[in-house]
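Taken together, the values in this text are just the output of simple stated rules run on the coordinates, not laboratory data. These numbers come from a predicted model, not from an experiment. Glycine also receives a Cβ, built like all others from the backbone with ideal geometry; neighbour counts cover every protein chain displayed.
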Amino acid sequence: MKTTKQDRLYRTSLSTKFLSVFLVSVLTLSPGGLLAGNLPTGANVVKGGVTINVNGKTMTIDQATAKAIVNWDTFDIGSGYAVNVDQISKNAAMLSRVIGGNPSEILGRLSATGHFYLINPSGILFGQGAQVDVNKFIASTLNLSDDNFMAGKLLFEGNSDASIINEGVINAEAAALIGKNVSNTGTINAQQAALLGTQSVELGNIHGGKLSINFSGMTEESTVTNAGVINATDLGDVTLFAEAGTADNAQGTIIADSAEISGARVDILNLGTLDINSLLIDPTGTLTISDGGVTPIADWGVDGGLAVTDADLEGLIATTGANVTLSFDNFLISAGGTTTNIEVAGSGYSLTLQTNNPTTGVLTFEANTSLTYTGGGELTLTIGSIAGASNITVDAGVLNIATGSAMAISGELSASGIDLDSDNSINITSTINATSFVDI
């Protein structure tokens, strides 16, 4: 069962007013503040064949080459104004970089028949009433160098503190909003959609297939918030990623085949409205699981981890209505709950616990604990190693355990099918009970 709640997709203007105040406070840190014009100004064609014409409230940009780079003094589109980019094919790409020091304010319509990448280190706002119709679209406060763009390497890097904010409608096959702080309260319709809070990222497969995202790391905190709608359809993928910060979908809606919500902090108990088939939640720290009732609010520990109960995980799976993957640095099966028996009902869906580092991450069982997964779905443990002895049971389902280091199992394993795999040795000193198959 999925959790689509279309009747709840309306919202008051309170969040929009707050974001407008936030935009002023953040973007006006840059020279020029919010002195937006109606059409882009100061074009300098750096590479490629480009002609620009203005007729009334419409600017038409004709691109005659497969790739083109244009530097602008400003790039704004006023309400009722339009910028149309006519490109020679759907894979033709234009890099539009704003160098004048003012943030971009898009209140009208931006269209492009191919790829359009808008770069402004002073920030970008897509306001209410804005509409973007582009084949592949990237808006970023991080720079993409001319050489990398021409070579097809989409490496975005920079130290801008300005924000990317969408309050309008973005329609594209693939769309990525990139900056230290990224927020969506509008609507993004794209089969591949990503809100990326980072200061260095490389995008791959932008020409087709699933978008790949590689981060090089940063130390400053970032934020990614979706309080609007991201619709990738049931064939698409959505990524919310806040490197060294918080990824938040509590007030948002995601419609997709698969969704990833990742960052240093993710409240796994408050994930908003999800209409998906699979979910990856990828924070840092240790996830501690104990037996007990529902936790009203996630309590982040001093080690950057999260403590939840088996009832919390049941609620997460049932509410999500999808296969769930939880990726933490480490996992701890705790004896500190109501009992030492942790039991999670999967409601026919699969649960995967995987460590961020496939070699050094550890799943630790405290003394006398046991882990049981019921409901007919699969339980998969993809970890570096296992510490401690515990009985692991999957009722009417399959148990998969894969380790990057040596696998040592001293507790009893029970399931309809059991699959054990290790990049190193496997040492089993306990009983294996399988009614269907055992694969080692």
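Suppose each label sits 7 Å from its Cα in the direction of the beta carbon; what would the residue 440-residue 90 distance come out to in nanometres?
That separation, rounded to one decimal, is 5.1 nm.
List, largest first, the extents of the alpha carbons of the stretch 107-260 along their principal axes, each in whole Å.
Principal axes ranked by extent give 33, 32, 30 Å for the Cα atoms.
Nearest 10 degrees, 0 to 90: what angle lies between the long axis of helix 14-27 and the longest principal axis of the chain (Cα atoms)?
Roughly 70 degrees, rounded to the nearest 10.
Which listed residue (201, 88, 434) has the Cα farthest towards the positive end of the charge dipole for the chain, taking +1 on Lys and Arg C-beta and -1 on Asp and Glu C-beta about the Cα centre?
88
Could you list the square roots of 5 times each eigenvalue of the Cα gyration tensor of the stretch 277-402, that is, the equivalent ellipsoid semi-axes, sorted largest first and rounded to whole Å?
The answer is 18, 16, 16 Å, longest axis first.
Once the Cα gyration tensor of the stretch 304-358 is found, what semi-axes does its equivalent ellipsoid get, as square roots of 5 times the eigenvalues, in whole Å, sorted largest first?
For the stretch 304-358, the semi-axes come out at 18, 17, 9 Å.
Kirkwood hydrodynamic radius (Cα pairs, Å) of the stretch 38-175?
Taking the inverse mean of 1/r over all distinct Cα pairs, the stretch 38-175 comes out at 14.6 Å.
In whole Å, what three semi-axes, largest first, describe the equivalent ellipsoid of the chain built from its Cα gyration tensor (square root of 5 times each eigenvalue)?
46, 21, 19
Taking the Cα centre of the chain as the origin, how large is its charge dipole in debye, to the nearest 20, when only Lys and Arg (+1) and Asp and Glu (-1) carry charge on their Cβ atoms? Present the calculation step by step, with values, prior to reporting the outcome.
Working: 16 positive and 41 negative charges, 333 e Å.
Once rounded to the nearest 20, the dipole reads 1600 debye.
By per-residue mean of other Cβ atoms within 10 Å, what is the highest-first order of 51-58, 170-177?
Taking the mean over residues of other Cβ atoms within 10 Å, the ranking is 170-177, 51-58.
Over the stretch 99-162, what is the relative contact order in whole percent, taking alpha-carbon pairs under 8 Å and six or more residues apart? Walk me through the numbers on the way to the answer.
Values: 116 pairs, mean separation 20.5, N = 64.
RCO, the stretch 99-162: 32 percent.
By how many degrees, between 0 and 90 and to the nearest 10, does the Cα long axis of helix 310-320 differ from the longest principal axis of the chain?
40 degrees
Can you give the log10 of the normalised intensity I(q)/I(0) at q = 0.15, 0.31, 0.33, 0.34 Å⁻¹, computed with Debye over equal Cα scatterers of the stretch 250-291?
Each listed q corresponds, in turn, to -0.40, -1.16, -1.22, -1.24.
Could I get the Rg over Rh figure for the stretch 350-440? Both from C-alpha atoms, Rh via Kirkwood, rounded to two places. Walk me through the numbers on the way to the answer.
Numbers: Rg = 11.9 Å, Rh = 12.9 Å.
Computed over Cα atoms, the ratio is 0.93.
When ranked by the protection proxy of mean other Cβ atoms within 10 Å per residue, highest first, what sequence do the peptides 274-286, 352-364, 425-437 form? If you can, show how the numbers build up before the last one.
Numbers: 274-286: 20.5, 352-364: 18.5, 425-437: 11.9.
Ranked by mean Cβ neighbours within 10 Å, highest first: 274-286, 352-364, 425-437.
Hey, with R₀ at 45 Å, roughly what FRET efficiency would residue 396 and residue 221 work out to, going by the Cβ-Cβ distance, to 0.05? Let's see the in-between values first.
Numbers: r = 44 Å, r/R0 = 0.97.
Computed FRET efficiency for residue 396 and residue 221: 0.55.
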